[in-house]
Amino acid sequence: MVRFKFRLSYLIFVCLVLVFIRCNTLKPQMPAESYRSSMQKPQTSIINLYADVEVFKLEKLINEHIDSVLYQDTSFTDNGNDNLKLKAWKAGDVKLKFEDNELGWELPARVAFRKGLKVFGYNVPYLDSWEYTGQIKLRYKTKLTINRDWSIKTITTPDGYIWTKKPAVKIGSVDIPVTLVANLLLPGYLKTFSQQIDELSATSFDFRGYAEKGWSMLFDPFKIPGDYNASLTITPYSVSMIPIQGTAGHIRLGAAITSDVMCLLDNTPSSGKISALPFIQPLKSPSDTFKINLLTDIPYSTINRIVKQQVGDSLFSFGTRKIKFETFRVYGTNEKMAVETKVSGSINGTLYLTGIPYFHAEDTTLRIKELKFDIKTRNLAIRSSKWIFSGKVERMITKSLAIPFNKNISGIEQQITHLVRHYPLGYGFELNGKLVRLSVSEIYLSPESVKANVVFSGNLSIGLAGNAAMTSP
């Protein structure tokens, strides 16, 4: 009988130990992972794509392409039987200026024309024809416009002329001034020069070719130099035309490109699929204030590593009880951040907590507020481990979940600023701009990472300058 009671007591003791061990090994059901299907639309980024042509270089190009013989009419019977021959030579360099959105030309020329005689209404071209010679400065104005398909259209009209050496009729060895006659004959031929100028302008500058090169370059990620594994990606989707401008000896052709600009950390993006260069849209609301939206990507693995460094491998006391946090894993659940931690010590198993991620502006850190044990963890643990609900665990993890954005943002800002300062892209293009950090506008949980929208003000442009504008891409 005594032996039976001893065995019964021993059995009860073993059962109590097993129950105690089981009650202190927690395996609650984890909160389900879930993520918002898409982030809010970031603030629109505007990038300038432009070609800056110095007028004196365009002058050089024009002078290289204009032949010494500007025009030649060798027949008395063409042009409606006009009984006139005319030849014009270039007598110096073309001079250009750009003002009031028009390109002004001044073309020095030497002209010679021969007027035949008519007898009873019939041309007698080889009998007593008179030869006129003189020097003149021909003036034109060219209106430049960009078509929706990126082609350049020019409309050139005569803008008068000035005789620098008045023409004279040559009879024998005597020159007799006949300026009035020359002034009556010459204007009919100025339109011919206008057509030649329009043809030269259309073929000398392939603006669509430059635009296509700049557009395709936008789809290649830019590796940001420096200590961070960071890349800048640009996704353009529309183009609006900026009016042609001319100031201080420059002609600037350009467009405003609407795009999404993202900065990715610890992630090497692949080149995006290049879409076709879109048709130009009218610029509805011009502005000199630009916004660059940078999507800073912080992988959960980075957050886990930082929290583990701050909390792991240490014993924490809760009165007579001790607990050690072995691992941490964060993920998204119903737009909240869940923290999964495996513990050992007075409690063994897994704990789940959830809270709301936010950006703490004072010290520029990613933090979590209202961090509480998940209801399923609470319901399972409250029967045997009520002591963990003192708030100490929540406070400790909340303190450890302060991921510093300050160093990342400031460092990346400096590196991007360095990147966009005259960064050569090839084919004569360069990336240029200036950024000033504003704020983090949104925290967004994706399946792989926490994304923060960092908004910068300033400008970012891809430009074509110097001699590159004089050659084909």
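General observations
- Of everything listed in (1) at pLDDT 85 or above; (2) part of a helix (DSSP H, G or I), the single unmet condition for Phe279 is (2).
- Subset of segment 213-234 that is among the aromatic types (Phe, Trp, Tyr) and either in a helix (DSSP H, G or I) or under 15 Å from the mean Cα position of the chain (by Cα) (or both) - its residue that is surrounded by the most Cβ atoms within 10 Å (Cβ to Cβ): Trp215
- Test: residue in segment 119-128 that is surrounded by 16 or more Cβ atoms within 10 Å (Cβ to Cβ), part of a strand (DSSP E or B) and at pLDDT below 85: yes
- Of all residues making up segment 369-403, the number that are farther than 19 Å from Lys342 by Cβ and modelled with pLDDT under 75: 2
- Matching residues, segment 436-455, being of a type outside the set (Ser, Thr, Tyr) and at pLDDT below 75: Val436, Arg437, Leu438, Val440
- Segment 189-200 residues that are crowded, with 18+ Cβ neighbours inside 10 Å, paired with ones that are among the small types (Gly, Ala, Ser) and not in a helix (DSSP H, G or I) (beta carbon under 7 Å, 6 or more apart): none
- Selected residue (criterion: farthest from the chain's Cα centre (by Cα)) from residues of segment 235-250 that are β-branched (Val, Ile, Thr) and surrounded by fewer than 22 Cβ atoms within 10 Å (Cβ to Cβ): Thr247
- Matching residues, segment 134-150, being farther than 20 Å from Leu86 by Cα and aromatic (Phe, Trp, Tyr): Trp150
The values are calculated or read from the model by the stated rules, or taken from the named source; none is laboratory data. Model, not experiment: these values are computed from the prediction. With ideal geometry, Cβ positions are generated from the backbone for all residues, glycine too; neighbour counts draw on all protein chains shown.
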